[in-house]
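Encoded as structure tokens, the structure appears first; notes follow it.
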Amino acid sequence: PLQDPLVDITTAKTLEDPWSIMLVASEQAQLMANLAKLINASKTIEIGMYTGYNTLNMALVVPESGQVVACEIDDEYVNIAEPFFKEVLWSGKVVDPAPDDLTSQALDKLNKKLHTDQRIDLSMLTVGNGLTLAIKRYR
Ligand SMILES: C[S@@+](CC[C@H](N)C(=O)[O-])C[C@H]1O[C@@H](n2cnc3c(N)ncnc32)[C@H](O)[C@@H]1O
């Protein structure tokens, strides 16, 4: 688990939300933090921030001169996350998505696109709801 009191507050606030099932799994967040540290990441981008747990997680591991960018389409979640950021500033169904499951279809499409992209090395891990790692190739 992440060692920061703000993480506990963010989690507690998120658990009040009816969509808290979207919250990143703590073991996935921990792996992301360790990977970011391993590669000395100074810039991270989170696409689909929800209430900001993993964004906060990234903010805790990048250097002070680093940059953490997060995108979230739903203002309601941005409003939940914002106070925490101000404070800190310094389910397997994707494999065969149902026709009406647009989220899983989008993830399936993205993973297929990444799979054929020669600019990256790819790992797909069965952590949480699934974690795709795309590492940029330098040659
Ligand atoms: C599974 S949650 C992400 C969990 C989050 N990373 C965390 O740390 O707990 C997916 C989020 O992506 C957001 N989302 C969906 N489509 C999006 C889009 N096109 N652009 C930005 N955010 C989007 C949803 O509103 C939702 O909050």
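The values are calculated or read from the model by the stated rules, or taken from the named source; none is laboratory data. Quick caveat, the model's predicted, so the values are computed rather than measured. All Cβ positions, even for glycine, are placed from backbone atoms using ideal geometry, and neighbour counts span all protein chains on display.
Summary of computed values
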| read-out | value |
| --- | --- |
| Count of segment 10-59 residues which are more than 11 Å from the ligand (Cβ to nearest atom), assigned to a loop (DSSP other than H, G, I, E, B) and closer than 25 Å to Lys136 by Cα | 4 |
| Candidate set from segment 107-139 (those that are charged (D, E, K, R) and closer than 25 Å to Met22 by Cβ); member that is nearest to the ligand (Cβ to nearest atom) | Lys109 |
| Some residue of segment 6-24 being touching a strand residue (DSSP E or B) at 6+ places or on another chain (Cβ under 8 Å) and either modelled with pLDDT under 90 or over 22 Å from Thr126 (Cβ atoms) (or both) | no |
| Restricting segment 34-71 to residues that are among the small types (Gly, Ala, Ser) and at pLDDT 90 or above, the residue that is surrounded by the most Cβ atoms within 10 Å (Cβ to Cβ) | Gly52 |
| Pairs with Cβ under 7 Å, 6+ apart, first in segment 57-79 and under 18 Å from Lys37 (Cα atoms), second within 12 Å of the ligand (Cβ to nearest atom) and among the acidic types (Asp, Glu) | Met58/Glu46 |
| Among the residues listed as Val7, Val62, the single one being more than 10 Å from the ligand (Cβ to nearest atom) and touching a Ser or Thr at 6+ places or on another chain (Cβ under 6 Å) | Val62 |
| Residue count for segment 67-80, restricted to those that are within 9 Å of the ligand (Cβ to nearest atom) and either touching a Phe, Trp or Tyr at 6+ places or on another chain (Cβ under 9 Å) or in a strand (DSSP E or B) (or both) | 5 |
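Table: residues versus (1) of a type in the set (S, T, N, Q); (2) more than 19 Å from Ile9 (Cβ to Cβ); (3) more than 11 Å from the chain's Cα centre (by Cα); (4) assigned by TED's automatic domain parsing to the domain that holds Ile9.
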site	(1), (2), (3), (4)
Glu46	no, no, no, yes
Pro83	no, no, yes, yes
Asp100	no, yes, yes, no
Asp121	no, yes, yes, no
